[in-house]
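Here's the structure we're looking at; comments come further down.
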Amino acid sequence: MPFRLSVVGEGFRRYPEAFDRIHHQFAGYIEHWGYMDSRDEYDRLLREADVVLSTALHDFQGLAVLEAMASGCVALVPDRLAYREYVPEPCRYRSDESSPEEEARAGVNCLEQIMVDKPASTSPDAWRASRLAGCYQALLDDLIAGR
């Protein structure tokens with residue numbers, strides 16, 4: 001199946017060796033690699049993407065995944081962290097932090113299933129500021145009023 005790959009993010013002096021192997025092995029498939037200076041270009045990249053992958057071990061809310069989902073991407077994420085709250089179960093692969101190989105295998109299996117079943121993208125509407133602002137305002141008002 002033809003595909004394009006983008007690895008987006010800030011580059012650091014120290015990073016996992018796997019990034020070098022991925023960059024070399026998939027050089028002919030890379031759409032974008034590294035930091036994006038333009039927010040417009042980042043948004044365009046998200047709109048053109050089909051799947052967003054996260055392998056995060058630490059993430060408070062998963063904002064990059066939420067942004068990608070809001071742009072129409074199907075999320076493929078480990079079954080951990082805040083992802084359980086907003087990514088449908090069929091799009092979460094088995095988390096196994098003690099065995100990166102097993103976790104990668106679970107991610108591949110999940111991706112294969114996603115490609116077969118082609119789940120609809122799930123927009124995280126319940127997490128939008130426009131929907132939550134009133135709830136937060138009410139909570140703050142109650143706190144200020146001592147309730």
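The values are calculated or read from the model by the stated rules, or taken from the named source; none is laboratory data. Keep in mind that what you see is a predicted model, and the values were worked out from it rather than measured. In this analysis, Cβ positions are derived from the backbone assuming ideal geometry, glycine residues included, and neighbour counts consider all displayed protein chains.
Values computed for the structure shown
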read-out	value
Boolean, SER71 is touching a residue at least 24 places away in the same chain (Cβ under 8 Å), surrounded by fewer than 16 Cβ atoms within 10 Å (Cβ to Cβ) and under 18 Å from the mean Cα position of the chain (by Cα)	no
Residue, nearest to ALA82 (Cα to Cα), within the stretch 1-33, restricted to residues that are at pLDDT 95 or above and in a loop (DSSP other than H, G, I, E, B)	ARG4
In the stretch 30-55, residue farthest from PRO16 (Cα to Cα) [restricted to those that are small (Gly, Ala, Ser) and surrounded by fewer than 15 Cβ atoms within 10 Å (Cβ to Cβ)]	SER38
Of residues in the stretch 1-17 being over 17 Å from the mean Cα position of the chain (by Cα) and within 19 Å of LEU111 (Cα to Cα), the one surrounded by the most Cβ atoms within 10 Å (Cβ to Cβ)	PHE3
Members of the stretch 74-119 found to be β-branched (Val, Ile, Thr), over 24 Å from TYR42 (Cβ atoms) and crowded, with 17+ Cβ neighbours inside 10 Å, listed by number	none
Near pairs, Cβ below 9 angstrom, 6+ apart or cross-chain, from the stretch 119-143 (more than 18 Å from ALA64 (Cα to Cα) and at pLDDT 85 or above) to any residue that is surrounded by 10 or more Cβ atoms within 10 Å (Cβ to Cβ) and acidic (Asp, Glu)	ARG131/ASP125
Contacts under 8 angstrom Cβ, first residue in the stretch 4-15 being in contact (Cβ under 8 Å) with a residue 24 or more places away in the chain, partner small (Gly, Ala, Ser) and assigned to a loop (DSSP other than H, G, I, E, B), 6 or more apart	SER6/ALA49
Condition check for ALA104: without any contact (Cβ under 8 Å) to a residue 60 or more places away in the chain and more than 16 Å from LEU63 (Cβ to Cβ)	yes
